[in-house]
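Notes to accompany the following structure.
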Amino acid sequence: MARYDFRTPRLFVDVPLAAGASVPLDPPQTNYLCNVLRLAAGDGVLAFNGRDGEWQAELERPGKKAAALRIIAPSRPQDRPCDLHYLFAPLKHARLDYMVQKAVELGVSRLQPVTTRHTQMSRVNLERMRANAIEAAEQCGILAIPEIVAPLPLERLLQAMSAERMLIFCDEDAETRDPLVALSALRTETGTPPLAVLVGPEGGFVEEERALLLRRGNVLRLALGPRILRADTAAVAALAIVQAALGDWR
């Protein structure tokens, strides 16, 4: 039997979930279920809020243009996401959308934009990022929505980061070596420390930024193979090898 029910539509609702509750849907959600998917009253929907697990629900139609979910019973308990932060230089819209979706699919718990000397985009639409994160979670059976926070300059980010968090600094100028071997060396008998993965802008890091990162301590400078990757490709590559070596893929 499959772990997830991919045939029943899933919907994120940011309200408490409990048996017997009726959850009103906003117009976009109503349009999606009733007009795009053409569901009728009584059809099944899976609801989640990132806190209370996943619940079986039925569509209600209290009015011609209104819809709600009647919460019936739990279907999956809330899981605990990896303590994995993804730190990235903002990208242009389409590539940022892709990166956010893939980071959510790969299990990050926090999305943190970082401004650097070569950052191309100075503004980040956090609401758009959240919408993409929710859509990815709805489509891929994920129960937790990552925290999405405002951009910070690199220096301020390093000052605010806990010293216990291991920073995996992806740098094309790092000595080329097997990243899985380097990451696996971080595992100890007590487990894996909280992690942060940093991927910089298309133009890379300047030497002053590299020096600042390496002075931090508790940092692993890592090359992602012999080829130069675009920032959105690097996101997928870095998060995949981190999950394979230290995360919930093992």
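FYI, it's all coordinate maths here, none of it is from the lab. Nothing here was measured: the structure is a model prediction, and the numbers come from that model. No Cβ is skipped: glycine too gets one built from the backbone with ideal geometry, and neighbour counts run over all protein chains shown.
Quick notes on this one:
- Within segment 38-63, residues that are within 12 Å of Ala18 (Cβ to Cβ) reach partners that are in a strand (DSSP E or B) and among the basic types (Lys, Arg) with beta carbons closer than 8 Å, at six or more positions or on different chains, in the pairs Ala47/Arg10; Gly53/Arg76; Ala57/Arg70.
- Exactly one residue among Val114, Val124, Val104 is assigned to a loop (DSSP other than H, G, I, E, B), within 29 Å of Gly247 (Cβ to Cβ) and of a type in the set (Val, Ile, Thr), and that residue is Val124.
- Residues within segment 71-101 that are assigned to a helix (DSSP H, G or I) and aliphatic (A, V, I, L, M), tallied: 4
- The helices (runs of 4 or more DSSP H) located wholly in segment 129-230 that include 2 or more residues which are under 30 Å from Arg51 (Cβ atoms) occupy 154-160.
- Selection from segment 1-18 of residues that are under 11 Å from Asp52 (Cβ atoms) and either touching a residue at least 60 places away in the same chain (Cβ under 8 Å) or hydrophobic (A, V, I, L, M, F, W, C) (or both): Val13, Val15, Leu17, Ala18
- When Ala73, Ala66 are checked against the criterion of being touching a Phe, Trp or Tyr at 6+ places or on another chain (Cβ under 9 Å) and surrounded by fewer than 15 Cβ atoms within 10 Å (Cβ to Cβ), Ala73 stands alone in meeting it.
One line per residue, one yes/no per condition, for (1) of a type in the set (Asp, Glu); (2) farther than 28 Å from Arg80 by Cα; (3) in contact with a Leu (Cβ under 7 Å, 6 or more places away or on another chain):
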residue: Asp178; (1), (2), (3): yes, yes, no
residue: Ala185; (1), (2), (3): no, no, no
residue: Gly191; (1), (2), (3): no, no, no
residue: Gly203; (1), (2), (3): no, yes, no
residue: Pro226; (1), (2), (3): no, yes, no
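- Entirely in segment 1-63, the strands (runs of 3 or more DSSP E) that have 3 or more residues that are of a type outside the set (S, T, N, Q) and surrounded by 13 or more Cβ atoms within 10 Å (Cβ to Cβ): 10-12, 44-48, 54-63
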